[in-house]
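*Asks:* Starting off with a structure, shown below.
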Amino acid sequence: MSTKTDSHDIEVVEKLLAARFSCRAFKSNPVPRIAIERVLGAAQKTASWCNSQPWQVTILGGDALRKFSEVIYKAASEGHHVSDFPFPREYKGVYLDRRRESGFQLYNALGIPRGDKPGYQKQMLENFRFFGAPHVAIITTDEALGVYGAVDCGGYVSSFMIAAQALGIATVPQAALAGHSDVIRAQLGLGDDRRVVCGISFGYADETHPANSYRTSRASIPEAATFIE
């Protein structure tokens, strides 16, 4: 069995993964349709169980996005919550530590004092303004495929974001949107057999905005992987 020794391909992947971040402030200018379709074409190569390719993607922009934002922002502001998939039961140990680190990095960057719950809430609601992004992609799976379909969609989300990064397009995956799955189905005319996995807001990053000034840490290989020989 031959082994490929040229490191160029892996270096490209490493560069894209290192450059990608969850963008929380976008410029208003839209992404050209040809670039969006290039991202979709690349993401469509994502592997899936039995090649089921369960993802369906609805992309909103322009007036449609503004109208959608008004409806879902209102629902979120009123405390509405309906999710097709259970949210984590709890974060504990290292997972809680990582969650807190990420949250406090964002709040510190924005000048929100620790313990300022109204400030936290205001920033959370920016999810439903899509952080100013000109586009949002809503990712859904087929109800009958259950967790396997959701896992496949997770792979698709990752492929979408890396393909976008390769074209200089910033992204942020948003589980918050999935907490309003009934609103999303109604607004987008989706069938009852579709389950909302998440959204991806995307566009061009506002690199001067403080929300984009920090980067989260990553666990080391020994913390994440075990070798058994």
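*Asks:* Go over the candidates 123, 174, 165 one by one and state the one that is at negative phi and out of contact with any Leu (no Cβ under 8 Å at 6 or more places or on another chain). Working first, answer last.
*Replies:* Numbers: 123 fails: out of contact with any Leu (no Cβ under 8 Å at 6 or more places or on another chain); 165 fails: out of contact with any Leu (no Cβ under 8 Å at 6 or more places or on another chain).
The unique qualifying residue is 174.
*Asks:* Regarding region 125-134, can at least one residue be identified that is acidic (Asp, Glu), farther than 21 Å from residue 61 by Cβ and at pLDDT 95 or above?
*Replies:* no
*Asks:* What pairs come up if the first residue lies in region 213-229 and is without any contact (Cβ under 8 Å) to a residue 12 or more places away in the chain and at positive phi, the second is surrounded by 10 or more Cβ atoms within 10 Å (Cβ to Cβ) and assigned to a helix (DSSP H, G or I), and their beta carbons are under 8 Å apart, counting only those six or more places apart or on different chains?
*Replies:* No pair meets every condition.
*Asks:* Conditions first: (1) in a helix (DSSP H, G or I); (2) in contact (Cβ under 8 Å) with a residue 40 or more places away in the chain. Residue 120 passes all but one, so which condition is the exception?
*Replies:* So residue 120 meets the others, but not (2).
*Asks:* While we're on this one: Can you pull out every residue in region 127-166 that is of a type in the set (Ser, Thr, Tyr) and assigned to a strand (DSSP E or B)?
*Replies:* Scanning region 127-166 gives 140, 141.
*Asks:* Within region 112-167, track down each residue that is under 14 Å from the mean Cα position of the chain (by Cα), small (Gly, Ala, Ser) and within 21 Å of residue 205 (Cβ to Cβ).
*Replies:* Scanning region 112-167 gives 133, 137, 158, 159, 163, 164.
*Asks:* Among the residues of region 179-229, write down those that are in a strand (DSSP E or B) and either over 25 Å from residue 152 (Cα atoms) or of a type outside the set (Ser, Thr, Tyr) (or both).
*Replies:* 180, 194, 195, 196, 197, 198, 199, 200, 202, 203, 205
*Asks:* Restricting to region 178-229, give me the number of residues that are charged (D, E, K, R) and in contact with a helix residue (DSSP H, G or I) (Cβ under 6 Å, 6 or more places away or on another chain). Don't jump to the end; show me each part of the working.
*Replies:* We begin by selecting, within region 178-229, every residue charged (D, E, K, R); these are 182, 185, 192-195, 206-207, 215, 218, 223, 229.
Pick out the ones that are also in contact with a helix residue (DSSP H, G or I) (Cβ under 6 Å, 6 or more places away or on another chain) and you get 193, 195.
So the count comes out to 2.
*Asks:* Being assigned to a helix (DSSP H, G or I), farther than 22 Å from residue 174 by Cβ and touching a residue at least 40 places away in the same chain (Cβ under 8 Å) is the filter here; which residues of region 42-65 pass it?
*Replies:* Hit for region 42-65 is 49, nothing else.
*Asks:* Next question. Within region 142-155, is there a residue that is without any contact (Cβ under 8 Å) to a residue 24 or more places away in the chain and surrounded by 15 or more Cβ atoms within 10 Å (Cβ to Cβ)?
*Replies:* No, because not a single residue in region 142-155 is without any contact (Cβ under 8 Å) to a residue 24 or more places away in the chain and surrounded by 15 or more Cβ atoms within 10 Å (Cβ to Cβ).
*Asks:* So, one more: Looking at region 156-193 only, could you name the residues that are without any contact (Cβ under 8 Å) to a residue 60 or more places away in the chain, within 23 Å of residue 34 (Cβ to Cβ) and in contact with a strand residue (DSSP E or B) (Cβ under 7 Å, 6 or more places away or on another chain)?
*Replies:* Within region 156-193, just 157 meets the criteria.
*Asks:* From the list 37, 70, which residue is within 23 Å of residue 141 (Cα to Cα), free of Cβ contacts under 8 Å to residues at least 24 places away in the same chain and among the acidic types (Asp, Glu)?
*Replies:* On inspection, the qualifying residue turns out to be 37.
The values are calculated or read from the model by the stated rules, or taken from the named source; none is laboratory data. Not measured: the values here are computed from a predicted model. Note: ideal-geometry Cβ built from the backbone for every residue, glycine included; neighbour counts use all protein chains shown.
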